[in-house]
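S.K.: Shown below is the structure under consideration.
The values are calculated or read from the model by the stated rules, or taken from the named source; none is laboratory data. Here the structure is a predicted model, which means the values were calculated and not measured. In this analysis, Cβ positions are derived from the backbone assuming ideal geometry, glycine residues included, and neighbour counts consider all displayed protein chains.
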Amino acid sequence: MKDAQIQKLMKLELARQKRSINLIASENFVSGDVLEALGSELTNKYAEGYSAHRYYGGNDVVDKLDDLTRARALKLFGLSAKKWSVNIQGLSGSPANLAVLHALVPIGGKIMGMNLSDGGHLTHGFKASITGKLWKQIPYGVDRKTETLDYAALKKIAIKEKPAVIIAGFTAYPRVVDWKKFRSIADACGAFLVVDMSHLAGLVAGGAYSSPFPYADIVTTTTHKTLRGPRSALIFSRVDSRDLPAKIDKAVFPGLQGGPHMNQIAAVAVALGEAMKPDFKKYVKQVIKNAQALAKELSKLGWRVVSGGTDSHLILIDTWMDGRGISGKKASEKLERAGIIVNKNTIPFDSRSPVDPSGIRIGTAAETTRGKREKDFIQIARKIDKILKSGN
Ligand code: DSN
């Protein structure tokens, strides 16, 4: 590279990644092949439209890439092209969710999504997101005592409010989700069931977490979390008389975007191929075992684990503990100074603000990619404990 300023920043970031313990639940380390695809000449190509229906010439190669990527996405999740379609052009999770809502809900309509503070995502209708401005969020949360989903309470809200869409799938909910119950709630109020499995995609692909596909109408996902690909998104939609795939395609392009990023799509295809290998199944199982080991050890050391544990790659720690501990912001800053990277996070019914909440979110996907196992995560838990209890 001839640009010395950018090269220097790239080297600094690589060095930072190498010397840190990465416990950001939504990050991972991609393979060299994924990086190679991202940095390829495919970035030079404009491919507005869809395979075989493009607006520019010269798309014969990228059409093959597009077809292959969609076929891999369906195969990875065990889906038949007769029953499911997938849009691979979403640039990342937020635009993908926006496209889905744009396709399914008239402006001003109701969308039922989880509260941000209980583990929901901005694009599930939070007021500061465009999704909360164009549509009315009907919020739901977790049960105060168990800190897990209370499906009976959800059903009551859904029947009363009759949202057009129910969104299930979260950014900071550690437990297993009962997709079947969500389906029955959606049926009870006539809503579409949209599952945002961004955090879970790798776990679902590797068979370590229950699949939402038997129950959902639409499934969105990012590709860069547990799925270990580049930053991108997939939108799966059921093929039936409702014409969902055509509506989704139209909402993505020309509704929200112009040309897709073909280098990014190639990198997604590489990651999907990697996730089909037997090793990936072992990887995602280990990710969950590691999160459970970490949660258990932190709990033993006196930290409050929200909901009492985890069934996934992430845990939420109440570091504040009603003033007996330290705030999430202070905790994440202290950990960062010691080379451990986490994010501050609200906990359910948080008494503090999102900028300085009561907890931290910790994930195990990235460090499991680096080969860490339960014993390593027990050591990490002890290190976290020591740092958080130290006077610095
Ligand atoms: N920023 C992602 C996460 O950390 O979960 C969601 O957009």
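S.K.: Take the residues in the range 159-173 that are surrounded by 24 or more Cβ atoms within 10 Å (Cβ to Cβ) and not hydroxyl-bearing (S, T, Y); name whichever of them is nearest to the ligand (Cβ to nearest atom).
M.R.: A172
S.K.: On the basis of being surrounded by fewer than 19 Cβ atoms within 10 Å (Cβ to Cβ), among the polar types (S, T, N, Q) and within 30 Å of K127 (Cβ to Cβ), does S353 make the cut?
M.R.: yes
S.K.: Just give me the residues in the range 174-201 being surrounded by 24 or more Cβ atoms within 10 Å (Cβ to Cβ), within 16 Å of the ligand (Cβ to nearest atom) and without any contact (Cβ under 8 Å) to a residue 60 or more places away in the chain, in sequence order.
M.R.: Matches in the range 174-201: V195, M197, A201.
S.K.: Mind checking which residues of the range 209-226 are within 12 Å of the ligand (Cβ to nearest atom) and either surrounded by fewer than 24 Cβ atoms within 10 Å (Cβ to Cβ) or of a type outside the set (K, R) (or both)?
M.R.: Once the filter is applied, which keeps residues that are within 12 Å of the ligand (Cβ to nearest atom) and either surrounded by fewer than 24 Cβ atoms within 10 Å (Cβ to Cβ) or of a type outside the set (K, R) (or both), the range 209-226 yields T220, T221, T222, H224, T226.
S.K.: Among the residues in the range 110-120, are any away from the ligand (no atom under 16 Å from the Cβ) and farther than 28 Å from A73 by Cβ?
M.R.: Checked against the condition, which is being away from the ligand (no atom under 16 Å from the Cβ) and farther than 28 Å from A73 by Cβ, the range 110-120 yields at least one hit.
S.K.: Name the single residue that is modelled with the highest pLDDT among those in the range 101-143 being part of a loop (DSSP other than H, G, I, E, B) and charged (D, E, K, R).
M.R.: D143
S.K.: Please enumerate the residues belonging to the range 182-208 that are farther than 27 Å from D243 by Cβ and over 14 Å from the mean Cα position of the chain (by Cα).
M.R.: Those that are farther than 27 Å from D243 by Cβ and over 14 Å from the mean Cα position of the chain (by Cα): G206, G207, A208.
S.K.: Here's something else I'd like to know. Within the range 138-148, which residues are under 20 Å from the mean Cα position of the chain (by Cα) and either within 16 Å of the ligand (Cβ to nearest atom) or free of Cβ contacts under 8 Å to residues at least 40 places away in the same chain (or both)?
M.R.: The answer is P139, Y140.
S.K.: Same structure, new question: Return yes when I24 is part of a strand (DSSP E or B) and among the hydrophobic types (A, V, I, L, M, F, W, C) and no when it is not.
M.R.: no
S.K.: In the range 263-299, what residues are among the aliphatic types (A, V, I, L, M) and closer than 30 Å to M321 by Cβ?
M.R.: V287, I288, A291, A293, L294, A295, L298
S.K.: Right, next: Is it the case, given these coordinates, that K329 is out of contact with any strand residue (DSSP E or B) (no Cβ under 8 Å at 6 or more places or on another chain) and basic (K, R)?
M.R.: No; evaluated as a whole, the condition is false for this residue.
S.K.: Next question, about the same structure. Can you say whether N290 is touching a residue at least 12 places away in the same chain (Cβ under 8 Å), surrounded by 14 or more Cβ atoms within 10 Å (Cβ to Cβ) and out of contact with any strand residue (DSSP E or B) (no Cβ under 6 Å at 6 or more places or on another chain), as far as the supplied structure shows?
M.R.: Judged against the criteria, N290 is a match.
S.K.: Now, a different point. I need a count of the residues in the range 75-94 that are assigned to a helix (DSSP H, G or I), surrounded by fewer than 20 Cβ atoms within 10 Å (Cβ to Cβ) and in contact with a strand residue (DSSP E or B) (Cβ under 9 Å, 6 or more places away or on another chain).
M.R.: 1
S.K.: Residues being surrounded by 18 or more Cβ atoms within 10 Å (Cβ to Cβ), more than 16 Å from the ligand (Cβ to nearest atom) and over 16 Å from Q264 (Cβ atoms): count how many of those fall in the range 22-49.
M.R.: Final tally of qualifying residues: 1.
S.K.: Which of the residues belonging to the range 50-66 are over 20 Å from A251 (Cβ atoms) and surrounded by 13 or more Cβ atoms within 10 Å (Cβ to Cβ)?
M.R.: Result: N59, V62, D63, L65.
S.K.: Which members of the range 96-109 meet the condition of being surrounded by 19 or more Cβ atoms within 10 Å (Cβ to Cβ) and either β-branched (V, I, T) or within 14 Å of the ligand (Cβ to nearest atom) (or both)?
M.R.: If the condition is that a residue be surrounded by 19 or more Cβ atoms within 10 Å (Cβ to Cβ) and either β-branched (V, I, T) or within 14 Å of the ligand (Cβ to nearest atom) (or both), then A96, N97, L98, V100, V105 are the ones that fit.
S.K.: If R72 satisfies every condition in (1) of a type outside the set (D, E); (2) surrounded by 17 or more Cβ atoms within 10 Å (Cβ to Cβ); (3) under 17 Å from I218 (Cα atoms); (4) touching a residue at least 60 places away in the same chain (Cβ under 8 Å) but one, which is the exception?
M.R.: R72 satisfies every listed condition except (3).
S.K.: If you don't mind, there's one more thing I want to ask. Quick one: L9 ticks every box in (1) over 30 Å from A172 (Cα atoms); (2) outside any helix (DSSP H, G or I) bar one, so which box is it?
M.R.: With respect to (1) over 30 Å from A172 (Cα atoms); (2) outside any helix (DSSP H, G or I), L9 is out only on (2).
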